[in-house]
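See below for the structure under consideration.
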Amino acid sequence: MMWDWRRPGGALALLIASLWPGGASAAAVQSVRVADGRIVIRFDAPVADAASLVAAGSREILVQVRGVTPGNGGTATGLVSRIRQSRADGGTRIVFHLIGPAVVGDAGFEAGGRELRLQLQPASEATFTAASEAGWSRYFPFSFGRRSRYSVSVPVPPARAVPLPRVQGDDRRPLVVIDAGHGGVDPGAISPQSGLREKDVTLKIARAIRDALLASGRVRVALTRGDDRFLVLRERFGIARRLKADLFISIHCDSALSDQASGASAYTLSEVASDKEAARLAARENKADVIGGLNMAGAGADVQSILIDLTQRETMNASAGFARLLGREARPLIPVKPVFHRMASLMVLKAPDMPSILFETGYISNPAEAAFLDSEDGRERIADSVTRAVEAHFARRMAVR
Ligand code: ZN
């Protein structure tokens with residue numbers, strides 16, 4: 001595991017933790033206010049990450065802040081009738097009891113990670129329920145350029161034609177495009193213990209898979225990104241489609257509020273999530289474009305036409321077939337979830353004519369698993385699983401023809 005000393009709060013938190021025997025938290029909740037339709041939570045030291053959840057059933061909004069001790073209640077006005085703070089999941093949970101349905105709008109850190117702001121928006125019961133099903137939204141500080149900024153939104157990147165990456169391997173072989181999840185301004189999930197970033201882990205894993213696939217000699221390979229750059233989700237499968245790829249594999253690391261969650265899984269596209277966890281994952285992974293500043297609302301027509309094309313069952317079946325093969329090959333080599341193959345509405349998988357999977361290689365929020373994912377042994381085992389599954393997949397498709 002690596003420690004990024006540039007992360008604000010990181011070195012300080014470690015120092016204070018070492019000075020306080022018994023693992024006392026580095027920060028405490030200083031104040032909680034609701035005013036002008038906004039929740040403002042102040043801390044006495046920088047905070048590394050937080051998450052919010054809309055709970056329609058109990059008519060509450062929950063905010064979970066890791067590694068922070070609770071303070072006293074808070075000042076409730078407007079949409080919030082009561083505020084409660086308690087210890088939960090290695091940090092503080094703040095519960096905002098609502099007088100009517102509301103969802104969280106713009107949210108993010110300010111004041112160098114010492115303040116978390118969440119905009120409250122009154123909503124219909126239907127929106128309230130839908131937001132509730134989306135699960136936890138996560139907020140973390142990250143910096144870009146010389147400025148350090150605490151927010152989850154950045155300016156819209158200008159429209160651009162993404163140059164096509166280099167394709168390596170024998171021309172007669174089928175093409176596999178490996179997509180390293182996240183990148184550039186979008187760090188993906190961040191290990192709360194070590195500061196390890198999903199975007200760095202996925203890039204190293206993608207390169208290891210490329211090398212293993214090329215060594216097998218059975219396929220051609222291209223990477224959507226070979227360095228630390230930001231791509232919107234449609235550019236990722238767009239690159240693969242322009243290259244006429246035969247298989248698209250997007251590499252990610254999972255994260256959960258509990259540091260015990262463990263195991264790899266694979267997702268294929270469905271407009272209906274296979275379970276709550278799949279719905280939560282879709283909410284989180286699809287957010288990459290929001291982080292990159294792309295307004296998804298403006299992409300309606302394009303996305304709609306792609307959704308219509310999804311009736312092409314063959315692509316979905318081929319994707320599911322590959323996910324099952326990957327499960328079979330990965331199980332003896334790396335930790336996997338009991339149910340390996342799941343379905344979710346994931347933007348990055350929405351190419352209508354190209355079998356696509358999203359491979360969650362394991363949990364970056366689990367310290368042991370994060371170390372495994374970032375190790376050479378871990379990468380080799382993951383690359384081996386993918387290579388075996390790819391070989392079986394194309395052998396099977398050749399046999400059918
Ligand atoms: Zn991801």
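The values are calculated or read from the model by the stated rules, or taken from the named source; none is laboratory data. Remember, predicted model here, so these are calculated numbers, not experimental data. When we count neighbours, we look across all protein chains shown, and the Cβ atoms used for this are built from the backbone with ideal geometry, even at glycine. Surface areas here come from the heavy atoms of the whole protein model, side chains and all, with no ligands, DNA or RNA. Shrake-Rupley method; radii C 1.70, N 1.55, O 1.52, S 1.80 Å.
Okay, here's what the table says:
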read-out: Where a residue in the stretch 382-401 is assigned by TED's automatic domain parsing to the domain that holds Phe322 and its partner, wherever it lies, is open to solvent by 60 Å² or more (accessible area, probe 1.4 Å), with Cβ under 6 Å and at least six apart; value: Glu391/Arg218
read-out: Selection status of Arg241, within 13 Å of the ligand (Cβ to nearest atom), part of a helix (DSSP H, G or I) and modelled with pLDDT under 95; value: no
read-out: Residue identified as open to solvent by 20 Å² or more (accessible area, probe 1.4 Å), out of contact with any Pro (no Cβ under 6 Å at 6 or more places or on another chain) and at positive phi among Gly188, Gly217; value: Gly217
read-out: Residue that is modelled with the highest pLDDT [pool: residues in the stretch 351-401 that are outside any helix (DSSP H, G or I) and open to solvent by 30 Å² or more (accessible area, probe 1.4 Å)]; value: Ser375
read-out: Subset tally (residues that are in contact with a Gly (Cβ under 7 Å, 6 or more places away or on another chain) and away from the ligand (no atom under 14 Å from the Cβ)) for the stretch 193-209; value: 1
read-out: Residue check for Arg225: touching a helix residue (DSSP H, G or I) at 6+ places or on another chain (Cβ under 8 Å), assigned by TED's automatic domain parsing to the domain that holds Glu285, within 15 Å of the ligand (Cβ to nearest atom) and not in a helix (DSSP H, G or I); value: yes
read-out: Lone unmet requirement of (1) within 16 Å of the ligand (Cβ to nearest atom); (2) part of a loop (DSSP other than H, G, I, E, B); (3) at pLDDT below 90 for Gly188; value: (3)
read-out: Check on Val348, open to solvent by 40 Å² or more (accessible area, probe 1.4 Å) and β-branched (Val, Ile, Thr); value: no
read-out: Number of the exception - Ala273 against (1) surrounded by fewer than 23 Cβ atoms within 10 Å (Cβ to Cβ); (2) over 21 Å from Pro352 (Cα atoms); (3) in contact with a helix residue (DSSP H, G or I) (Cβ under 6 Å, 6 or more places away or on another chain); (4) not charged (D, E, K, R); value: (2)
read-out: Out of Ser194, Ser262, sole residue that is open to solvent by 10 Å² or more (accessible area, probe 1.4 Å) and either farther than 23 Å from Val390 by Cα or not in a loop (DSSP other than H, G, I, E, B) (or both); value: Ser262
read-out: Residues that are under 22 Å from Asp275 (Cβ atoms) and more than 13 Å from the ligand (Cβ to nearest atom), drawn from the stretch 356-376; value: Ser356, Ile357, Asn366, Glu369
read-out: Filter result for Leu116 (more than 30 Å from Asn366 (Cβ to Cβ), in contact with a Lys or Arg (Cβ under 9 Å, 6 or more places away or on another chain) and not charged (D, E, K, R)); value: no
read-out: For Ala123: the one exception among (1) free of Cβ contacts under 8 Å to residues at least 24 places away in the same chain; (2) in contact with a Ser or Thr (Cβ under 6 Å, 6 or more places away or on another chain); value: (2)
